[in-house]
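S.K.: For reference, the structure I am asking about is given below.
The values are calculated or read from the model by the stated rules, or taken from the named source; none is laboratory data. Quick caveat: nothing in here was measured; it's all calculated off a predicted structure. With ideal geometry, Cβ positions are generated from the backbone for all residues, glycine too; neighbour counts draw on all protein chains shown. For the accessible areas, the whole protein counts, side chains as well, though only heavy atoms, and no ligand, DNA or RNA atoms are used. Shrake-Rupley method; radii C 1.70, N 1.55, O 1.52, S 1.80 Å.
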Amino acid sequence: MYAFTVDVHAPIEQYDMVHAEVARRSAGAVPGLLVHFGRSTATGFQVLEIWETKEQCDRFSNEIVGPVIAEMAAGQPMATQDPVMTEFDPHGLMLAARANASA
């Protein structure tokens, strides 16, 4: 597994805009993504993601997330400071069981 947090010094509304566009472009189908959430912090927002592999994360970031951020930034910085990314090894991950669609 591959996991990280990113702390961004920007309003949570920027996260909401990027998240909505990423969800639209990916149609909610993100191969390898196990967990994603964003939350407000005292200095902006934080994103946490857990992936099956780093390669899947990098592919999605390069093909979807990066272009969305670049387009929305339109030459303007979206944060007051560079985002701070922290990778970590998740322990004890439990995922909810999914209902069988064919049942």
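S.K.: Can you give the relative contact order of the chain as a percent, counting alpha carbon pairs under 8 Å and 6+ residues apart?
M.R.: 43 percent
S.K.: Once the Cβ-Cβ distance between LEU95 and PHE4 is put in as r, and R0 is 22 Å, what FRET efficiency do you end up with, to the nearest 0.05?
M.R.: In this case the efficiency is close to 0.80.
S.K.: Next question, about the same structure. Say we join alpha carbon atoms closer than 10 Å with springs in a Gaussian network model of the chain; which of ASP16, ASP58, ASP89 then has the biggest fluctuation?
M.R.: ASP89
S.K.: Can you pull the percent of Cα pairs in the chain with separation above 19 Å?
M.R.: 47 percent
S.K.: How much of the accessible area of the chain, in percent, comes from carbon and sulfur atoms when a 1.4 Å probe is used?
M.R.: Here it works out to 56 percent.
S.K.: Hey, what angle do you get for helix 12-26 against the long axis of the chain, alpha-carbon based, 0 to 90 degrees rounded to 10?
M.R.: Roughly 50 degrees between the two axes.
S.K.: Suppose the chain between GLU71 and SER26 were pulled fully straight at 0.36 nm per residue; how much longer would it get relative to their current alpha carbon spacing?
M.R.: That works out to 14.6 nm of additional length.
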